[in-house]
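The next block holds one structure in the form of structure tokens; read it before the comments.
The numbers here are math on the coordinates, done by the rules we state, and not lab data. No experiment lies behind these values; they were computed from the predicted model shown. Positions of Cβ are generated from backbone atoms using ideal geometry, with glycine treated the same way; all protein chains shown enter the neighbour counts.
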Amino acid sequence: MTRAQVGIDLGGTAVKSGRVSAAGAILEERSDDPGFARGPQHVLDTLARIWRELGGGDALGIGVPGLLERERGWLIASPNLPGFVELDVRGELARRTGLDPRRVVVENDANAAAVGELWLGAGRGTRDMLVVTLGTGIGGGFILDGKLYAGEGLAGEIGHVVVDPLGPLCGCGKRGCVETLASATAARRRALAANLPASAPGDLVLLAQRAREGCAPERELMHDIGRDLGRALGTVVCLLDVRTFVFGGGFSGALDALEPGLRVGIEERSYGARSPVVKLLPAELGASAGWIGAA
Ligand code: BGC
């Protein structure tokens, strides 16, 4: 059997990592503070230290949030990590770990999550799907024909599909990207604007709960957020006939509350009453999908 591999997922708030065997057994898992405030070089040091503390090995797979040049292993820009621009993630990690750069695989965080869900999660046996991560930002990873489809490094950036050209300013510089309307961050902002409590951790869970129970303002908010996200997904359905969407990330616990709006949005932007054939599934690996896929 191949040795167990270390995977790391650099998220907007935490670094999730672990070691998984070739057969898919999770041997170790941890979560660390990336220390973003101390800048990219410090974060890279932290990532290399985590890899060593997990036992190192002969390879490292890492998921990073943002636009990549996959061939070179560079992070070009990261809408939610200011300062992470034009960063040679592969080279810097190879230098810090002593690994051959060819053994350092740098992938987009949502692409890594898609591979994780395909391997051990909700996407097992699915040929075509989009894994959507709803967290600080919104990420997407395509599995097409049973394999990750990443293009040159920008494919699946569902979070930056513009659904409202006059909407809020996005970290990417455009306005009204779906990320500014339906990420966990956006949901909090929209809830506060509707005078609903949404500043403490757990408030989004409460909002979804109240929406489920039928409270009108919460239900309306979840419907609007779902519809905005659904509009972006409808475009995907229309272009690629992808019928399975798997939702991960912190805000995906609200999937059932978002679903009615999601279906309206999908219907609005796709062609030929496609919503009934579209499956909207919760991710099964939760916050572990990214590091598992990276491994
Ligand atoms: C980035 C994506 C990333 C997502 C989730 C977006 O803003 O553009 O690359 O996958 O956030 O982290």
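Note on the chain: with a GNM built from Cα contacts shorter than 10 Å, the maximum mean-square fluctuation among Pro260, Pro79, Pro197 falls on Pro197.
A cut-off under 13 angstrom between Cβ atoms defines the neighbours of Gly234, and their net charge, with Lys, Arg +1 and Asp, Glu -1, is +2.
Our summary of shape: the Cα atoms of the chain have principal axis extents of 55, 39, 32 Å, ordered from largest down, in whole angstrom.
What is the sum of charges around Thr244, taking Lys and Arg as +1, Asp and Glu as -1, for the other residues whose C-beta is under 12 Å from the C-beta of Thr244?
+1
Report the calculated FRET efficiency for Ala77 and Glu284 (r = Cβ-Cβ distance, R0 = 25 Å), to the nearest 0.05.
Values: r = 30 Å, r/R0 = 1.22.
Once the sixth-power term is evaluated, E becomes 0.25.
A Cα-only calculation for segment 133-218 places Rg and Dmax at 15.3, 45 Å.
Of the residues Gly56, Gly139, Gly173, the one that moves most in a GNM of the chain with alpha-carbon contacts below 10 Å is Gly173.
Apply the membrane-span-like helix rule to the chain: whole DSSP H runs, Cα extent along the own long axis of at least 30 Å, mean Kyte-Doolittle hydropathy at least -1.0. List the helices found. Helices meeting the criterion: 216-240.
Given the -39500 (n - 2.57) contribution per DSSP H run of 4+ residues, what per-residue ellipticity at 222 nm results for the chain, rounded to the nearest 500 deg cm²/dmol?
-11000 deg cm²/dmol
Counted over segment 171-222 with a bin width of 5 Å, the fraction of Cα pairs per bin, in whole percents, is 5, 22, 30, 22, 11, 7, 2, 0. The Kirkwood hydrodynamic radius of segment 180-295, based on inverse pair distances between different Cα atoms, is 14.6 Å. Using 0.36 nm per residue and subtracting the Cα-Cα separation, the extra length available between Asp58 and Glu268 on full extension is 70.7 nm. Taking 0.36 nm per residue of sequence separation and removing the Cα-Cα distance, the Ala200/Ser31 pair yields an extension gain of 58.8 nm.
In whole Å, what three semi-axes, largest first, describe the equivalent ellipsoid of segment 13-169 built from its Cα gyration tensor (square root of 5 times each eigenvalue)? Don't jump to the answer; show the numbers that get you there.
Values: eigenvalues 116, 89, 42 Å².
They are 24, 21, 15 Å, listed from largest to smallest.
Computed over the alpha carbons of segment 67-114, Rg followed by Dmax gives 10.8, 29 Å.
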